[in-house]
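The values are calculated or read from the model by the stated rules, or taken from the named source; none is laboratory data. Remember, predicted model here, so these are calculated numbers, not experimental data. For neighbour counting, all protein chains shown are included, and Cβ atoms are generated from backbone atoms with ideal geometry for every residue, glycine included. Keep in mind that these areas ignore ligands, DNA and RNA; they rest on the heavy atoms of the full protein, side chains included. Shrake-Rupley method; radii C 1.70, N 1.55, O 1.52, S 1.80 Å.
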Amino acid sequence: MKDGPDIARIAALIGDPARANMLTALMSGKALTATELSQEAGITLQTASSHLAKLDEGGLLMPRKQGRHKYFSLANDEVAHVLEALMGLAAGSGHLRTRTGPRDEELRKARVCYNHLAGHMGIQMYDSFLRQGFLDMSADGLTLTKTGASFVRDFGIDLNALTAKKSPLCRECLDWSERRSHLAGSLGRALLTQMENLSWAKRIPENRIVRFTKAGQTEFDATFQL
């Protein structure tokens with residue numbers, strides 16, 4: 001096809017093993033330096049800088065300077081959705097790089113997908129929203145119902161501030177480990193942040209795991225019943 005989006009270019013950018021490792025590291029939602037990303041990819045800093053320049057030129061990264069340091073993060077939610085979908089495709093096709101272990105079980109249970117909750121608990125929350133009528137799925141996409149809006153406000157989230165933003169409020173995101181949808185968008189991000197504010201859970205800095213306290217797990221299950 002001569003016209004239309006050039007998916008080959010994007011696929012080639014993501015397809016390089018070193019670049020794929022760096023992009024995956026940024027799925028935690030945390031901005032990282034070139035040095036940190038070179039360590040994630042197992043390559044030299046010079047090689048990493050070359051890869052990062054290509055990813056930036058391709059529109060997959062958002063670089064920013066703070067003082068003497070330059071940090072990199074994923075360009076937007078769209079990039080994160082593509083990466084999560086590719087992880088699901090790879091996992092479903094049996095293309096796994098390592099054997100599973102305790103850490104993998106924690107990742108499957110609850111993890112950060114760029115800026116929202118994923119894994120088994122992310123799916124539980126999404127399914128609970130649908131069952132309780134908080135979300136409506138139509139041809140126009142996923143929308144928050146009036147009942148859902150009341151719940152969100154009662155949960156301590158400033159819904160007016162969220163709706164004022166340009167980013168979508170509610171989005172589906174295909175979970176790579178469960179191959180089912182979890183909630184993304186600005187609402188998904190706000191819900192995870194509020195759970196952290198309530199001390200239900202915390203993100204583990206060195207990986208994507210979201211670890212719930214015993215009390216937080218109890219509150220989560222009571223709030224997002226299936």
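Please state which one of Gln217, Gln194 is modelled with pLDDT of 95 or more and either out of contact with any Gly (no Cβ under 7 Å at 6 or more places or on another chain) or open to solvent by 60 Å² or more (accessible area, probe 1.4 Å) (or both).
Gln217
Yes or no, residue by residue, for (1) at pLDDT 90 or above; (2) touching a Pro at 6+ places or on another chain (Cβ under 8 Å); (3) not hydrophobic (A, V, I, L, M, F, W, C):
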| residue | (1), (2), (3) |
| --- | --- |
| Phe151 | yes, no, no |
| Asn160 | yes, no, yes |
| Lys166 | no, no, yes |
| Arg180 | no, no, yes |
| Leu187 | yes, no, no |
| Lys202 | yes, no, yes |
| Pro205 | no, no, yes |
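Can you pull out the helices (runs of 4 or more DSSP H) entirely within region 1-80 that have at least 3 residues that are more than 17 Å from the chain's Cα centre (by Cα) and β-branched (Val, Ile, Thr)? Reasoning before the result, please.
Numbers: elements: 7-15, 17-25, 34-41, 45-57.
Qualifying helices (runs of 4 or more DSSP H): none found.
For region 6-53, enumerate the residues that are surrounded by fewer than 18 Cβ atoms within 10 Å (Cβ to Cβ), basic (Lys, Arg) and under 24 Å from His116 (Cβ atoms).
Lys30 - this is the single residue of region 6-53 that is surrounded by fewer than 18 Cβ atoms within 10 Å (Cβ to Cβ), basic (Lys, Arg) and under 24 Å from His116 (Cβ atoms).
Contact list please: Cβ distance under 8 Å, first residue in region 66-85 and over 13 Å from Ser28 (Cα atoms) and open to solvent by less than 70 Å² (accessible area, probe 1.4 Å), second residue modelled with pLDDT under 85 and in a loop (DSSP other than H, G, I, E, B), pairs at least six apart or on different chains.
Tyr71/Ala31; Ala85/Trp176
Considering only region 108-132, how many residues are out of contact with any Phe, Trp or Tyr (no Cβ under 8 Å at 6 or more places or on another chain) and in a loop (DSSP other than H, G, I, E, B)?
Total meeting the criteria: 3.
Pairs only if they're at least six apart or on different chains, beta carbon under 8 angstrom, first in region 12-37 and more than 19 Å from Leu89 (Cα to Cα) and of a type in the set (Val, Ile, Thr), second open to solvent by 20 Å² or more (accessible area, probe 1.4 Å) and in a helix (DSSP H, G or I); list them, first residue then second.
As it stands, the answer is Thr35/Leu45, since those pairs meet every condition given.
For region 178-191, how many residues meet the condition of being farther than 14 Å from Gly29 by Cβ and either open to solvent by 20 Å² or more (accessible area, probe 1.4 Å) or not in a helix (DSSP H, G or I) (or both)?
Number of matching residues: 6.
Being open to solvent by 40 Å² or more (accessible area, probe 1.4 Å), small (Gly, Ala, Ser) and assigned to a strand (DSSP E or B) is the filter here; which residues of region 133-176 pass it?
Matches in region 133-176: Ser138 only.
Against the definition (open to solvent by less than 100 Å² (accessible area, probe 1.4 Å) and at pLDDT 90 or above), how does Gly122 come out, yes or no?
On the way: open to solvent by less than 100 Å² (accessible area, probe 1.4 Å): yes; at pLDDT 90 or above: yes.
Yes; evaluated as a whole, the condition is true for this residue.
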